[in-house]
Every structure is written in C-alpha cells, then in structure tokens.
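To start, the structure under review is shown below, and the notes come after it.
Throughout, read-outs are computed from the coordinates displayed, never taken from laboratory work. Everything numeric here is computed off the predicted structure, so don't read it as measured data. Note: ideal-geometry Cβ built from the backbone for every residue, glycine included; neighbour counts use all protein chains shown.
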Amino acid sequence: MDFPLDISFRNMDPSPAVEARVREKAAKLARLFSRIIGCTVVVEAPHRHQNKGKLYSVHIDISVPGKDLVVDRAKPLDQAHQDVYLAVRDAFKAAERQLEDHARRSRGDVKSHSPSARDGAVPPAE
C-alpha cells in the first residue's frame, strides 16, 4: 500500500483488530487501482441513547487523481451492521465498486455517446 491511510473512531474506543481489518481492506483497494493518493476511514458507533441497537456506520473517502470517491454508510439499513466487521466489509465492497467504475472510466472502457437527433440535437442545416 503506497498511499497514506488515516483511520479514526468516533463514539467508540480505538480497536487494533478493527484497524487491522481496515488496513487489510485498504490494501485490497490498492491492488484494484494503483493510483490512489490517500484514504480516510471513519468508523462510528451510534450514540448511547439510541434504542434500535448499535448499528455502526463507516465513512470512506478515497482520493484519486482529479476526483474524490466517497462511500458513506451513515444510515445502514441492514441489522447485520450491529457487527462492526460487517459494516466495514460492506463499506469497502461499495468502495471497490466505485473504484472499479472510476478505473473503467479513466481507461476509456465506458462508451460515451455523442448527441444524436433523438436526444433533441438539431442536425446542422445544409
């Protein structure tokens, strides 16, 4: 992993095990796309007064040349996110999808369509 990785925890004590899992997942991102400039990960536990159980949220900000990719799992819909490791896994899966899409666009694998008459463009008069 050749980019700086900043990991922070909110409303919870720092966990070496969770930090190791985040580093492992970030290293996988580096294998998918080698031009990552930096990555910030915030793992957040809900406030203690919440009644629905502890649903963790994970926020990932990946800096690549010319763009920042943001994954925000602030409002998890899945009750499995009571496990912080599953919340981290799901957030990094979403980050992988965004990074793969960005890599395809930067390589030019995604076609860009030129405007046509059906798109409302008027052909030039002859």
Discussion item. Run the numbers for Leu86 and Glu24: contour at 0.36 nm per residue of separation, minus the present Cα-Cα distance, in nm.
Written reply: 20.9 nm
Worksheet item: With each label point set 7 Å from Cα along the Cα-Cβ vector, what nm distance links Asp61 and Asp6?
Response: 0.6
Discussion item. Please arrange Tyr85, Tyr56 by how many other C-beta atoms lie within 10 Å of their C-beta, fewest to most.
Written reply: Tyr85, Tyr56
Fill in: Contour minus Cα-Cα distance for Thr40 and Lys54 (0.36 nm per residue)
2.8 nm
Worksheet item: If amide H atoms are built 1.01 Å from N in the plane of the peptide, which residues on other chains or at least 5 residues away come under 5 Å of the amide H of Met12?
Response: Ala45
Item to complete: Based on the mean of other Cβ atoms within 10 Å per residue, sort peptides 3-11, 87-95 so the most packed one is first.
Response: 87-95, 3-11
